[in-house]
Structure formats: structure tokens, C-alpha cells
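The values are calculated or read from the model by the stated rules, or taken from the named source; none is laboratory data. Model, not experiment: these values are computed from the prediction. Reconstructed Cβ throughout: ideal geometry from the backbone, glycine too, with neighbour counts over all protein chains shown.
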Protein chains: 2
Amino acid sequence: MTVSGEPAENKPKVLVVGSGGVGTICALSLTVRDRSEVTLVVRSDYDQVTSKGFTINSCTYGKIEGWRPHHIAKSVTEAREKYGEFDYILVTTKNIPDGQYTCEEIIKPAVSEKSTIILVQNGLSIEEPMIKEFPNNIILSGITLIGSTNYNGVIENKGPDNVFIGDFKPEAERNPNSAKVIEKFIHIYQNDNGLNKIQVDTDVQKTRWEKLVYNCVFNTITALVDLDVSRAQTFIGNDTLFRPAMKEVIAIAKSAGVEVTPTIPEKFIHIGDGLFYSPSMCVDMRKKQPMELEVILGNPLKIAAKNGVPTPILSTVYQLLTLVQYRIKEANGLFTIDKSLYKGDSDKANEIFREHYKH
Amino acid sequence: MTVSGEPAENKPKVLVVGSGGVGTICALSLTVRDRSEVTLVVRSDYDQVTSKGFTINSCTYGKIEGWRPHHIAKSVTEAREKYGEFDYILVTTKNIPDGQYTCEEIIKPAVSEKSTIILVQNGLSIEEPMIKEFPNNIILSGITLIGSTNYNGVIENKGPDNVFIGDFKPEAERNPNSAKVIEKFIHIYQNDNGLNKIQVDTDVQKTRWEKLVYNCVFNTITALVDLDVSRAQTFIGNDTLFRPAMKEVIAIAKSAGVEVTPTIPEKFIHIGDGLFYSPSMCVDMRKKQPMELEVILGNPLKIAAKNGVPTPILSTVYQLLTLVQYRIKEANGLFTIDKSLYKGDSDKANEIFREHYKH
């Protein structure tokens, strides 16, 4: 096919992996700008999207019926074979290292020498297994403040697409091309007229820790108690759990050398005032889908343990959510509990389970 | 009606309040012994029980179709008017002081000067509001190890009725008649041939604290994560949450002057091995019924706070379950969340909620 806007041969090729609310709007932003050739991997909605396209209801791009990016692929492998190789790979899937597939496994078929990998995902330490798997590729952090959901191919984009992009590594350790590929990505992503916004993130780790002050606390606790944030705050106030838990996150960040901006906790305590909003982890729990527990809470707690930071609330919440995660995985058939196997001593039962089920 | 066995005029009158699995078998034990005149208050199953009686499937009393105690009353007030006054009042309802009615309010219409009140209920400090409300009555503790459920008038009694009865107060403070009324109750309750078992509890507080080593930990955590005990143990083992939480209960007990028998924690860690059993609080949560959170966990934690005992796990679990309790109460219509009232500052929203909803 012919790609309009710039001569096709000059256009970088972008693969967007994950067609949820975030991934689809990322693909839309790129396609509207038309400075790149966009391939989107669509899995569960594939038949519907190939036949009818997406329905977009966007606070910035407006209502679009039957929208499609330049290319749609059913799998990462098909994308690579038909539309690769890719200059940029945007990973917008949920990041569940304890789930069926790791993100590394998912994108591997599409990664080539020239691919820059951008992780548009929540959580901490998500770059570590990526760097290990693809040590010679540039791996970037994309934090997005977008509000967007995908229900069966209908995208409800209520908060504007606002991306912070930067290198995970400290300046001294970066690939010499890092700044250039970031600049180039901004060039192909930033639309005119404030349709979206993308900016360089000069301190990715700080940005991620600050987002965790919200996510480690509200995502986790609402998932555990099945309530939206405003109800939880209304019922027990902010001082019993939420502010103390935020202090734990800030203490862990500090032990890792990151000073969270002092206004952050109160900003996040009040950011959802009156919105009765249910964070993604709570929504995943309700949909009985595995939650991003490890990257949001497990990885920060590993750092706390290493640095000897006390986390009485967050550690308890983590253990409880680990139980919920197993409940969800069992309901999804990721393992089965054969009662005859686990009928004996409960300590032994746990040993057997850990042997049988590695995650 | 004529009551057989002993001359009716010599028979003490017993009121059993609550016709769940425990209360119905208590009434059955008394009726089989036939040394008392038994009135059972039946609320939700009233029509069915008056027309068809209970269906009993008991490990000790066998299968009985159409069973009824001597009298059935629809309310405590009706019981008092028709069949009182009562020598003994057995309270076998759930104890939810933060619910619609306190146990004191529920039994008040039936309490007279001569009534001995026996609390066949879980939890700690449950006698305190009772003693305050009925300072001149003897108030006894009944701990039962029975396994019994009531689903719509069908009683499944899988574990034998085994009651420990004793005075809540230390010996020096007891009513001089205390020992005599306990002895008399055992006389009217203990059946022959090991059908049931009742024994004097000489240290009620210790018995209750020891039961809490199980209830504070397994009842609460399974209710929070919606899993049976064996699954929870199989998934994360006993050392991450369960054993450490039991240590917290034991430390609180110690601060209150009670030395828990050292074999108790391991006994309770393994008591349900392989049974895949869901404790009552977990069942209540699943049925969307208010849970006995305050008497099982809230009251012990008040003692911990007073005595300065650190309870990092239990305090977090308590706050989280408080949220779940509010979720259940809202679902039961005990209050409604008018979003326009709680749309502002989340700290303020909590203040407003506490003013509007006293529990």
C-alpha cells in the first residue's frame, strides 16, 4: 500500500503491541501525524477490527467510525513478516511477568537490531528483564497520563494522550543514539493543535516512582476491597491507610536515591476527589483478569527488602493481593487445584504447589 | 401444651435466640434431653419451620424430618409474652455491634430479673455491652466447637455439639449463684451417650483468646481474599502471613494477662489441613452479609492499641476489612452514597460520612 504524507521510504516503521485503550490511541496519534508507517497488533478484537475498524470516541480526535491504522496484524510474528522490520516497537500491553507470557516473550519475534523498544506501561523495574533479553537495543520508558478504555473495539478516550518519554538508563550508561531516537519519535508522534502531547522525560525513574505513590496505594487497595477510590476514602478517610502507605512508597524511593516531589502525596490523595474512579488493577480484579501486581507493588517491595525499608502496610497488602492473583489465575485455568494432591500438611502443600506452579 | 420427662412446673424455661446452625442444634440438644422447656426464636425461616419443621442431618442426632422444639416464636417479644419468663437466654445470633441491631437490643424484651444470659458467640469483649445493659443478670460465655449450618431450614450438623460454659468475670467478681446456674444448665443440656458435650470453662478469657488465634487470622484473611483456608495456605504457605499474624494475636493476649497455650498456633495452622474449609466470616462476605469484624478483630485490636502492642499485619487487615464491611453494608442498603454529597475534598467526604452514618 502507499503511505501518504511523506515518501514511504523515509517513514520509520512503528509496531504498536497491544490494542487496549492506550495502544489504540498511540496508534491513532501516530497515524494522524502520518510521519510513520503504523502496524498495530490486535488479538481478541481482530475479526471485528479488520472488518469494521475501531469506533473512536476521543476527547481530542473526536468521533471516528471504522478507524484503522496503516496495518493490522494478528500476531507479532505476522507483523514482523508482513510489515517489518520496525524502527520502533511500542509495548502497551499489561505487564504481568507472573502471567502466561512475559513482555519479552511477546515482542521477541519483532525485535531486530535497529528496533528501539518503548515500554508504555506502568510499574517499576520493567526495563530490567527487557535489557537482559535485548542488551543491544535502546529501551525507552513511556509514561502516559491518558484516560482511555477499549470495550470490544470501541475506544472511549476521555483524558488526552500525554506521554513522557525518556531513557531508562542514567545518562552515562545510555546508548549514544538515545537522544536522537527520542527526538525522532517525538517528531513522528507529536500532533499539531494540542491533539496530543509528548515530551522528554529526563528522569524516568523519578517519574515512575512518583506515579507509584498513587498506583502502589490506590490500585492495590481498591483491588483488594472492590471499591472505587472515592468510596474507600469516604468510608475510612485518608489517614488510616492511604497517607501512611504513600509514606512507605516515598521511603522506598528515597532508599533507591529518588526524592519524590513533596507535593506529590497530597496531589494524589485529592486527584480523584468526587470522581468515584476505579483504578486499572481494581478493574482487572473485577474482570477476573490477572493484575499488574508484580510491577506495581512486588518490584518496589523487593527494593524495600534489599534496602531494609519497613513497609508494614504495603507488605501485608502485597501478600493479600498475591492470594487474590492466585484466585484469579485459578479461575482463568492457569493452574488447577487437585485436592488429593494438597490434602496433607499445609506447609507441605505449599511446597508441592511451588514445585508444580512456577509463577 | 404438656411437656414430658419432668413435671412441667419444675422445668426451667430456655429461650434460644437465633436459629442458625448453632442455635438450632442447641435447641435440639436441650429438647432431646427434655429437662427444660425450649422456645426458639425463628425469623427468616418462620413460615417454613412452623409448617414443616426443620430438616436435621446431624452427625450425632441422625436424620430428623419435621423437627420442632417445644415452642417457636417469631420474635423475642412474642417469645416473652407467650412462653416466658425465661431462666436461660442463649444468644446464638451473629454478633455485629456495628450492624442494624446490637445483641443487647435484640434480647432486651425477653430479659427478666431471673434470666441468665449465655452468649454462644465468637469474639472478644462481647460481654462488656451486655454487662453494662444488664448489670444484675448473670452473663455466661458459651464457646462451641460445633460444625453446623442452616440453609433454609435444613440443618447440616457435621461436627458434634461441644460447648464450654463459664462465667465471663474473674472468680472474685462473680455473682454468688454463678456456679449453681452453670451446673444447672449443664444438667439440662448434657445428653447421654455422647450425643453432645458440655463442660465448665474455668478460664473463659483464655478460651476466647485461644479461639481468636484461629479466628483473627483465618476468618479475616479468607474473607478479604475470597479463598478457603487450604487454598490460601497452599498458595503462599504459612510463614508469610498466617504464623506472623498468629504471633500478633498471642502478643495482644499476653498484654491482657493471658498466656496462650504454646501448642495452639501449630494446632490451628494444621487443623484444617486438606479440608478446603471457608470460615464463617468468608461465608458472610460471599453472602454479602455483614461480618463479625468488630468482635473478632476490632476488639482485640483496641486492647493492642491500649497496651501498645505492635500489630502491623492485623491492623492493616482490619482497615481493609472495614472497607469490605462498608461495601457489604452499602449493598444491604444500610446507607446510600449520594455522590453529590461526597463530591468534594476526600478528607471532608469522610467527615460528612461519619456524621451521617454513625457505625
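Please verify whether B:Thr336 is crowded, with 22+ Cβ neighbours inside 10 Å and more than 22 Å from the chain's Cα centre (by Cα), treating the condition exactly as stated.
no
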Item checked: Options A:Asn175, A:Asn137: the member that is within 23 Å of A:Ser19 (Cβ to Cβ), assigned to a loop (DSSP other than H, G, I, E, B) and of a type outside the set (Val, Ile, Thr) -> A:Asn137
Next item on the list: Would you check which residues across the stretch A:223-254 are more than 10 Å from every other protein chain (Cβ to nearest Cβ) and touching a helix residue (DSSP H, G or I) at 6+ places or on another chain (Cβ under 6 Å) and list them?
Entry: A:Ala223, A:Met246, A:Glu248, A:Val249, A:Ile252, A:Ala253
Check: Is the stretch A:287-301 home to any residue that is without any contact (Cβ under 8 Å) to a residue 12 or more places away in the chain, out of contact with any Pro (no Cβ under 6 Å at 6 or more places or on another chain) and under 17 Å from A:Pro97 (Cβ atoms)?
Finding: no
Checklist line | Within the stretch A:299-323, tally of residues that are more than 13 Å from every other protein chain (Cβ to nearest Cβ), assigned to a helix (DSSP H, G or I) and surrounded by fewer than 24 Cβ atoms within 10 Å (Cβ to Cβ) | finding: 6
Notebook entry, point to check: So is B:Lys306 outside the structural domain of B:Val217 (by TED's automatic domain parsing), of a type outside the set (Phe, Trp, Tyr) and out of contact with any His (no Cβ under 9 Å at 6 or more places or on another chain) or not?
Noted result: no
Next item on the list: Enumerate the pairs (first residue in the stretch A:330-342 and free of Cβ contacts under 8 Å to residues at least 24 places away in the same chain; second residue anywhere and of a type in the set (A, V, I, L, M) and crowded, with 16+ Cβ neighbours inside 10 Å) with beta-carbon separation below 6 Å, excluding pairs fewer than 6 apart on the same chain, so at least 6 apart or on different chains.
Entry: A:Tyr342/A:Ala349
Notebook entry, point to check: What number of residues within the stretch B:341-359 are under 20 Å from A:Thr240 (Cα atoms) and more than 7 Å from chain A (Cβ to nearest Cβ)?
Noted result: 9
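Yes or no, residue by residue, for (1) in contact (Cβ under 8 Å) with a residue 40 or more places away in the chain; (2) among the hydroxyl-bearing types (Ser, Thr, Tyr):
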residue	(1), (2)
A:Glu65	no, no
A:Phe86	yes, no
A:Ile89	yes, no
A:Thr92	yes, yes
A:Thr102	no, yes
A:Ile107	yes, no
A:Val111	no, no
A:Ser125	yes, yes
A:Lys132	no, no
Check: Among the residues of the stretch A:78-92, is there at least one that is outside any helix (DSSP H, G or I), buried (at least 19 other Cβ atoms within 10 Å of the Cβ) and at pLDDT below 95?
Finding: yes
Next item on the list: Tell me which residues, restricted to the stretch B:38-59, are in a strand (DSSP E or B) and among the small types (Gly, Ala, Ser).
Entry: B:Ser58
Note to self: I need the full set of residues from the stretch A:260-280 which are part of a loop (DSSP other than H, G, I, E, B) and within 12 Å of chain B (Cβ to nearest Cβ), in order please.
What the structure shows: A:Ile271, A:Gly272, A:Asp273, A:Gly274, A:Leu275, A:Phe276, A:Tyr277
Notebook entry, point to check: Which of the residues that make up the stretch A:329-340 are facing another protein chain (nearest Cβ under 9 Å) and within 21 Å of B:Thr240 (Cβ to Cβ)?
Noted result: A:Glu330, A:Ile337
Next item on the list: Give the residue, chosen from B:Lys358, B:Lys287, B:Lys329, B:Lys306, that is of a type in the set (Lys, Arg), under 20 Å from the mean Cα position of the chain (by Cα) and farther than 25 Å from A:Thr220 by Cβ.
Entry: B:Lys287
Next item on the list: Being closer than 17 Å to B:Ile328 by Cα and modelled with pLDDT of 95 or more is the filter; apply it to the stretch B:264-283 and report the residue that is nearest to the chain's Cα centre (by Cα).
Entry: B:Met281
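Does A:Tyr326 satisfy the condition of being within 22 Å of B:Pro244 (Cα to Cα), surrounded by 22 or more Cβ atoms within 10 Å (Cβ to Cβ) and in contact with a Phe, Trp or Tyr (Cβ under 8 Å, 6 or more places away or on another chain)?
Answer is yes for this residue.
A quick yes/no check of all residues on (1) surrounded by 24 or more Cβ atoms within 10 Å (Cβ to Cβ); (2) part of a loop (DSSP other than H, G, I, E, B); (3) of a type outside the set (Gly, Ala, Ser):
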site	(1), (2), (3)
A:Ile188	no, no, yes
A:Lys211	no, no, yes
A:Asn219	yes, no, yes
A:Leu227	no, yes, yes
Check: If you take the residues in the stretch A:281-295 that are in a helix (DSSP H, G or I) and of a type outside the set (D, E, K, R), which one is surrounded by the fewest Cβ atoms within 10 Å (Cβ to Cβ)?
Finding: A:Val283
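Going through the stretch A:324-359 one residue at a time, which ones are aliphatic (A, V, I, L, M), over 22 Å from B:Leu275 (Cβ atoms) and part of a helix (DSSP H, G or I)?
Hit for the stretch A:324-359 is A:Ile328, nothing else.
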Item checked: Meets criteria (more than 22 Å from A:Thr220 (Cα to Cα), more than 14 Å from chain A (Cβ to nearest Cβ) and part of a loop (DSSP other than H, G, I, E, B)) for B:Gly257 -> yes
